[in-house]
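The structure appears below as C-alpha cells.
The values are calculated or read from the model by the stated rules, or taken from the named source; none is laboratory data. It should be emphasised that the depicted structure is a prediction, and the values quoted were computed from it without experimental measurement. Heads up, the Cβs are rebuilt from the backbone with ideal geometry, glycines too, and the neighbour counts pull from every protein chain shown. Ligands, DNA and RNA are stripped out before the accessible areas are found, and what is left, the full protein with its side chains, is counted by its heavy atoms. Shrake-Rupley method; radii C 1.70, N 1.55, O 1.52, S 1.80 Å.
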Amino acid sequence: MQKDFKIHINHKLSVLNESKLLIAVSGGIDSVVLTHLCHALGLNFSLAHCNFNLRAEESNKDEAFVLELAEALDVEVFIQNFDTEAYAKAHKRSIQMAARELRYDWFKELATQLKFDYILTAHHADDNLETFLINFTRGTGLNGLTGIPMLNDNVVRPLLPFSRLQIEAFAKEQKITWREDASNASRKYLRNKLRHEVVPILKEINPQLLDSFQNTIHNLNDTAFIVENSLKAFAERAIVSKDSFGTTYKVSEFKNTGNPKAYLFEIFKNYGFTEWHDIVDLLDAQSGKFVKSNTHRLIKHREYLILADLKSTTIESVTLSADEVQNGIIKTAFGDLFFDEVDAVSETSKKCIYVDKELLKFPLVLRLWKEGDTFQPIGMTGKKRVSKYLKDEKLSLVEKENTWVLTSEDKIIWVLGKRADERFKITKNTKQILIIAIR
C-alpha cells in the first residue's frame with residue numbers, strides 16, 4: 001500500500017509534497033495509518049487531535065495515544081478539548097453534527113493562524129460508499145450521489161482510493177498500533193448500521209463492489225460536470241440583477257425549461273429550502289408570496305423570483321441631532337447620509353433632495369417605514385399612505401421592507417431614495433437651504 005499511496009500522491013496530489021500539512025488524528029486505525037504513510041513519504045505535517053469528552057476515560061486514553069504517536073514520529077501535535085454535549089444542546093445539534101462542526105471549525109482556525117496549506121482527513125473508499133448510501137436513503141439530488149470530494153477547498157482526503165481492508169492489512173503488516181472506538185460497533189447510528197448490516201450483504205452480492213462503486217462515482221461526477229455547465233448557462237439567462245436586496249431571476253426562464261422543478265431545485269438547493277412543491281407554485285403565485293427557509297426567502301414579485309437573505313438582527317432607528325447634521329455625514333445601514341447648507345438648488349434626484357432647514361425640528365429620526373405612515377409626496381396637494389405609495393411604485397416585498405424614512409416630529413421629510421415631502425420643500429421665502437443626499 002505504501003507504494004500505491006506514493007504513486008497516488010505524486011499523480012493526483014503532488015501539491016502535498018511541497019506543502020505544510022495538518023493531519024486530523026483520532027487515534028483510530030484510518031488516521032493513524034494515514035499519519036504513518038505521510039511520515040514514510042517525508043511530508044511536512046503536524047497532528048491535530050480533538051478530545052470530545054464523550055467516552056469518559058477512553059477519550060483521555062485516545063488523547064494520550066496521539067501524544068505518544070507524535071513523540072514517536074517527532075512531529076508537532078495540537079490537542080483541543082471540547083464540551084461536545086453542551087455545544088450540541090446550545091446549538092440544537094445532534095452529538096455527531098456538533099462534533100463535526102467543532103472539529104472542522106478548529107482545524108480551519110489552526111490552518112489560518114499557523115499557515116497550514118492543507119488539512120488531511122482519513123476518509124477512505126468504504127467511507128465514501130457509506131456516505132453515498134446515507135444520502136441515498138435520506139433522499140438527495142445528483143450532488144449527494146457524487147461521493148466525498150478528494151479535495152474540497154483546503155481539506156484533502158488522500159486515502160479515498162483505498163479500502164478499509166487495504167488499510168487494515170497495511171497496519172498489521174507494519175505492526176502499527178491504534179485505538180479502537182467501541183462506539184464504532186454500535187448499531188444505533190445509521191452509518192454503523194449500514195457498515196455492519198447492509199454493506200457486507202452488498203459485497204457478498206458483488207465482491208468487486210468498491211471497484212464498481214468507484215466507476216459509478218466517476219460517471220456521476222462526469223454527469224455533474226455537464227449539469228453544472230448547463231446551470232451556469234441557465235443562470236446567465238435567468239438572473240436579472242444582484243444587489244443589496246438579493247438576486248432576481250426571470251420566472252419565464254424557469255417556465256421555458258422542460259422541467260421547472262428540477263431547475264428550481266438545482267439553483268436554490270443550497271439555501272435551506274425543503275418545500276419544493278411550494279417553490280414551484282411560486283412561479284404562478286401573486287406578487288408578495290414567498291417561501292422561507294432558516295436563512296433565506298424566495299419571493300414572487302411580478303414576473304420575477306427574488307432570493308433574499310433573512311435578516312437575523314433588527315435594524316434600529318437613528319436619532320440625528322442638530323450638531324450631527326451640522327457635521328455633514330451620518331453613517332447608516334444603507335450608506336452615508338450627507339447634509340450641507342447651500343446657497344442655491346441644483347438638479348434633484350431620487351438620492352438627493354433640498355429642504356427648508358428652518359422647517360425642520362430636531363432631533364430628526366431616520367427609521368424604517370411602518371404601517372400607518374403617511375406623507376405628502378412633493379407636487380401633490382393631499383396626503384398618501386406610504387404603503388399605498390410603495391405599492392404604486394411596484395416595489396418588491398424586500399424593497400418595501402428596506403425602505404427608510406427621514407422624519408421631523410414624526411412628519412416624513414423624505415422617503416429615502418424615492419420621494420420628498422411637499423411640506424418641507426424650498427419656496428421663495430426659504431432663507432436656509434439644506435441638501436440631503438445618499439452617498
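Any chance you could list the semi-axes, whole Å, largest first, of the equivalent ellipsoid that the Cα gyration tensor gives for the range 287-332, using √(5λ)?
35, 14, 8
Would you list which aspartates and glutamates come within 18 Å of K425, measuring only between C-alpha atoms, while excluding same-chain residues fewer than 8 positions from it?
D340, E341, D343, E347, D356, E358, E409, D410
Would you work out the charge dipole size for the chain about its Cα centre, treating the Cβ of every Lys and Arg as +1 and the Cβ of every Asp and Glu as -1, and quote it to the nearest 20 debye? The partial results should precede the final answer.
Numbers: 60 positive and 60 negative charges, 357 e Å.
In debye, rounded to 20, the chain gives about 1720.
Of all DSSP beta bridges located in the chain, what percent are antiparallel, nearest 5?
Antiparallel bridges: around 80 percent, rounded to the nearest 5.
Largest first, what is the accessible-area ranking of K357, K255 with a 1.4 Å probe? Write down the numbers at each step before the final one.
On the way: K357 35, K255 100 Å².
Per-residue accessible area, sorted high to low, gives K255, K357.
Could you compute how much accessible surface W414 exposes when probed at 1.4 Å, giving the result in Å² to the nearest 10?
Accessible surface of W414 is approximately 0 Å².
Around W369, under 15 Å between beta carbons, what's the net of Lys plus Arg minus Asp minus Glu among the other residues?
+2
Which shape class applies to the range 1-88: rounded if a/c is under 1.5, otherwise prolate when a/b exceeds b/c and oblate if not, where a ≥ b ≥ c are the square roots of the Cα gyration tensor eigenvalues?
Because a/c hits 1.5 or more and a/b exceeds b/c, the range 1-88 counts as prolate.
Ranked from the most accessible area to the least, with a 1.4 Å probe and all protein chains present, what is the order of H8, H91?
On the way: H8 20, H91 85 Å².
Largest accessible area first, the list is H91, H8.
Any lysines with Cα under 25 Å of the K92 Cα? List them, leaving off those in the same chain fewer than 8 positions away.
Within the straight-line cut-off, K92 pairs with K108, K188, K193, K269, K292, K311.
Where the only charges are on Cβ atoms (+1 Lys, Arg; -1 Asp, Glu), what is the dipole of the range 288-439 about its Cα centre, to the nearest 20 debye?
With Lys and Arg at +1 and Asp and Glu at -1, about 820 debye.
Can you find, among A48, G417, Q174, the residue farthest towards the positive end of the dipole of the chain? Put +1 on the C-beta of Lys and Arg, -1 on that of Asp and Glu.
G417
How large is Rg over Rh for the range 75-134, taking Rg from the Cα atoms and Rh as the Kirkwood inverse mean of 1/r across Cα pairs?
We get a ratio of 1.04 for the range 75-134.
Counting only protein heavy atoms and a 1.4 Å probe, tell me what percentage of the chain's accessible area is made up of carbon and sulfur.
Working: 11980 of 24530 Å².
Using a 1.4 Å probe with all protein chains present, the chain comes out at 49 percent carbon and sulfur.
By the gyration tensor of its Cα atoms, with a ≥ b ≥ c the square roots of the eigenvalues, what is the shape of the range 242-290: rounded for a/c under 1.5, prolate for a/b over b/c, or oblate?
The shape class here is rounded.
Using DSSP to define loop residues, name the GluC sites (Glu not before Pro) in the range 23-79 whose beta-carbon has at most 13 other beta-carbon atoms within 10 Å.
Numbers: sites: E57, E58, E63, E68, E71, E76; in loops: E76.
Taking the range 23-79 and a limit of 13 other Cβ atoms within 10 Å, the loop GluC sites (Glu not before Pro) found are E76.
Could you give the size of the charge dipole of the range 197-285 about its Cα centre, using +1 on the Cβ of each K and R and -1 on the Cβ of each D and E, expressed in debye and rounded to the nearest 20? Kindly include the intermediate steps, with their values, before the conclusion.
On the way: 8 positive and 13 negative charges, 61 e Å.
Approximately 300 debye in magnitude.
If you rank D127, D336 by how much accessible surface each has, with a 1.4 Å probe, what is the order from largest down?
D336, D127
What are the DSSP H helices in the chain that stretch 30 Å or more along their long axis, judged by alpha-carbon atoms, and whose average Kyte-Doolittle hydropathy comes to at least -1.0?
Helices passing the filter in the chain: 209-238.
M380 accessible area, nearest 10 Å², 1.4 Å probe?
M380 has an accessible surface of roughly 70 Å² with all protein chains in place.
Considering the options T248, H218, L202, tell which one lies farthest towards the positive end of the dipole of the range 191-268, charges being +1 on Lys and Arg and -1 on Asp and Glu at the Cβ, about the Cα centre.
About the Cα centre, the residue reaching furthest to the positive side is T248.
Among rounded, prolate and oblate, which fits the chain when a ≥ b ≥ c are the square roots of the eigenvalues of its C-alpha gyration tensor, a/c under 1.5 means rounded, and a/b larger than b/c means prolate?
prolate
Rounded to the nearest 500 deg cm²/dmol, what is the calculated helix-only ellipticity per residue at 222 nm for the chain, with -39500 (n - 2.57) per DSSP H run of length n ≥ 4?
Result for the chain: -12000 deg cm²/dmol, rounded to the nearest 500.
Residues of the chain: accessible area per residue at 1.4 Å, in Å²?
56 Å²
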